[in-house]
Every structure is written in structure tokens, then in C-alpha cells.
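Student: Structure in C-alpha cells, see below.
Throughout, read-outs are computed from the coordinates displayed, never taken from laboratory work. These numbers come from a predicted model, not from an experiment. Ideal geometry is used to build each Cβ from the backbone, glycine not excepted, and the neighbour counts take in all protein chains shown.
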Amino acid sequence: MGKRREFEKMSLDGKIGQAEALEIGNRTDTLSYALLAEINTFHCQKYVDMKAAHQNFLQEQIKFHQRVSTTRRAVPLVLGTGFRGK
């Protein structure tokens, strides 16, 4: 963007032609739009990836706590003491 301003100033000073300045402006616009599209894609993909990671984490936490709960319920039955809920 700094180069665009520099070339606009050069155009006003008559160092480069108006058509050349317009061409440079079009190229910088194209580059800016491409960069913004890449940034937007990155943020969208980051959102999707983080959502999937959080869902996977929570599913694994649920499985872990279900296994712990099942194991805690089974231990008193093996020992023959019954489950007291503590």
C-alpha cells in the first residue's frame, strides 16, 4: 500500500504516466483482495479446526469419566462390600 501512494505521488509530480499509475493501482488492489481472501480463509479454517478439536476433547473426557464411573461401581461388587455412594 505504501508503494501505491508512492506511485500516485510520482504520477502527480509527472514522473510516471497516468496509465502506469492506474495499472499499479489495479495490481495493488488485486494483491490486497487476494491477501484479504487468504486471511479470511485462514480464520474460517481456524474456527472449524478449533471446533473439531474441542468436540473431540469433550468426547474423550466423557468417555474417560464414564470408564472411571463404571470402574468405581464395579470395585465394591468385586470386594463384596456393596456400593455406599461415597
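Student: Angle, helix 18-79 long axis vs. longest principal axis of the chain, Cα atoms, 0 to 90°, nearest 10?
Tutor: 0 degrees
Student: Kirkwood hydrodynamic radius for region 2-79: how many Å is it when counted over pairs of different Cα atoms? It would help to have the intermediate numbers written out before the result.
Tutor: Numbers: mean 1/r = 0.0562 Å⁻¹.
That comes to 17.8 Å for region 2-79.
Student: Would you mind working out the magnitude of the charge dipole of region 2-79 relative to its Cα centre, with +1 at each Lys and Arg C-beta and -1 at each Asp and Glu C-beta, to the nearest 20 Debye? Don't skip to the end; give the middle numbers.
Tutor: Details: 12 positive and 9 negative charges, 157 e Å.
For region 2-79, the charge dipole is close to 760 debye.
Student: Among Ile24, Tyr47, Phe7, flag the residue with its Cα farthest along the positive direction of the charge dipole of the chain, charges on Cβ as +1 for Lys/Arg and -1 for Asp/Glu.
Tutor: Towards the positive end, the residue furthest out is Tyr47.
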